[in-house]
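Values quoted throughout were computed directly from the atomic coordinates according to the rules given, and no laboratory measurement underlies them. Note that the structure is a prediction, hence the values are computed from the model and not measured. Positions of Cβ are backbone-derived with ideal geometry, glycine not excepted, and every protein chain shown enters the neighbour counts.
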Amino acid sequence: MKTKDFFQSGFITLCLGTAIIFLYPLLVFPKGELELLINKFHYPVLDAFFKYATNLGDGVLLAILLIGVLFYNYYTAILTAFSILVQSLLVSLFKRWIFNGLVRPTAFFDQSISLNFVEGVDVHTTNTFPSGHTATGFALFALLFIILNNQKMIVSILFFLLAFLVGFSRVYLLQHFVVDVYFGAIIGIISVVVALLLIPVFFNEKKQETLRSNALRILKNKTKA
């Protein structure tokens, strides 16, 4: 998928539209209200679903994707590597430096407030902003969308919903605030966009075509004797 096609895709349109829609509640509702509202609606089936759905934002999946696309083509591998690098730098900058130690929901709410937790989930208490899982989820599904190279709206909706579920799971599990997830999603998309813009800086069009035509091969063709 070309950079221009990605920018004009339904996936990006859904991301932008959702960002605009969620900007209103973020500005209107005090921190913690949306999280408490979501926390009220806990059911065993949702607990089980989001407990595992949140793993789609695990950074290991991006590493697996990077290894996998080496066998697809080098262009996509470089795109994935750049995306991982940009995302890691941005998340670390905010989480470990600018907002280091910022408390998560469980430490933010008064102990007198009754909260619903999901059994088996280790809930963290600090370094809440931004949500690294959400950043990874949106970067991962944006990259998969580019790799699939299918502009059908149903595909855009599917990949967007998968990324959105990762973000929502972080709030449902009381790991993050909505604002953490909001900016985590933005960072995930930005990391892929920056990666797409960086490739032409390092590789001209001819070199890009060569990268698209070549991939890592385990088995070499045997030469005739």
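Mean 1/r over all different Cα pairs, inverted: what Kirkwood radius does the range 83-133 give, in Å?
Values: mean 1/r = 0.0806 Å⁻¹.
The Cα-based Kirkwood calculation yields 12.4 Å.
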## Note on the structure
Ranking ILE98, LEU34, ALA77 by how far each Cα lies towards the positive end of the charge dipole of the range 1-100 (+1 on Lys and Arg Cβ, -1 on Asp and Glu Cβ), the top one is ILE98
### Message
Could you work out the pair-distance distribution P(r) of the range 112-225 from its alpha-carbon pairs, with 10 angstrom bin width and percents rounded to whole numbers?
### Response
12, 29, 26, 17, 10, 4, 1, 0, 0
### Degrees between helix 59-69 axis and first principal axis of the chain (Cα, 0 to 90, nearest 10)
10 degrees
### Under DSSP loop assignment and at most 13 Cβ neighbours within 10 Å, longest trypsin sites (Lys or Arg not before Pro)-free interval of the chain
32-151
### Message
I need the fraction of alpha carbon pairs in the chain separated by more than 33 Å, rounded to a whole percent.
### Response
23 percent
### Summary
Ratio for the range 162-219, C-alpha Rg to 2.2 N^0.38 Å, reads 1.71
### Message
Can you compute the charge dipole magnitude of the chain about its Cα centre, using +1 on each Lys and Arg Cβ and -1 on each Asp and Glu Cβ, nothing else charged? Give it in debye, rounded to the nearest 20.
### Response
1140 debye
### Residues ILE84, ILE157, sorted so that the one with the fewest Cβ neighbours within 10 Å comes first
ILE157, ILE84
### Task
Using Cα centres only, tell me the gap between the range 160-181 and the range 6-26 in whole Å.
15 Å
#### Entry: Test item: Cα-centred dipole of the range 38-110, Lys/Arg +1 and Asp/Glu -1 on Cβ, debye
120 debye
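Could you work out how much longer the chain between THR210 and LEU115 gets when fully extended? Use 0.36 nm per residue separation minus the Cα distance between them, nm to one decimal.
Details: separation 95, 0.36 × 95 = 34.20 nm, distance 5.48 nm.
Once the chain is fully extended between THR210 and LEU115, it gains 28.7 nm.
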### Task
Using a 10 angstrom cutoff on alpha carbons, build the Gaussian network for the chain and name the most mobile of PHE50, PHE203, PHE164.
PHE203
### Query
Where does helix 10-28 land angle-wise versus the long Cα axis of the chain, in degrees 0 to 90, nearest 10?
20 degrees
### Query
How large is the charge dipole for the range 137-222, taken about the Cα centre, if only the Cβ atoms of Lys, Arg (+1) and Asp, Glu (-1) carry charge, to the nearest 20 debye?
540 debye
### Helix-only CD estimate at 222 nm, as mean residue ellipticity for the chain, using -39500 (n - 2.57) per DSSP H run (n ≥ 4)
-21000 deg cm²/dmol
### Query
Which values of log₁₀ I(q)/I(0), to two decimal places, follow from the Debye formula for the range 23-110 at q = 0.12, 0.13 Å⁻¹ with a uniform point scatterer at every Cα?
-0.64, -0.74
### Task
Take VAL118, VAL193 and order them by how many other Cβ atoms sit within 10 Å, fewest up front.
VAL193, VAL118
### Summary
Listing TYR182, TYR52, TYR172 by rising number of other beta-carbon atoms within 10 angstrom, fewest first, gives TYR52, TYR182, TYR172
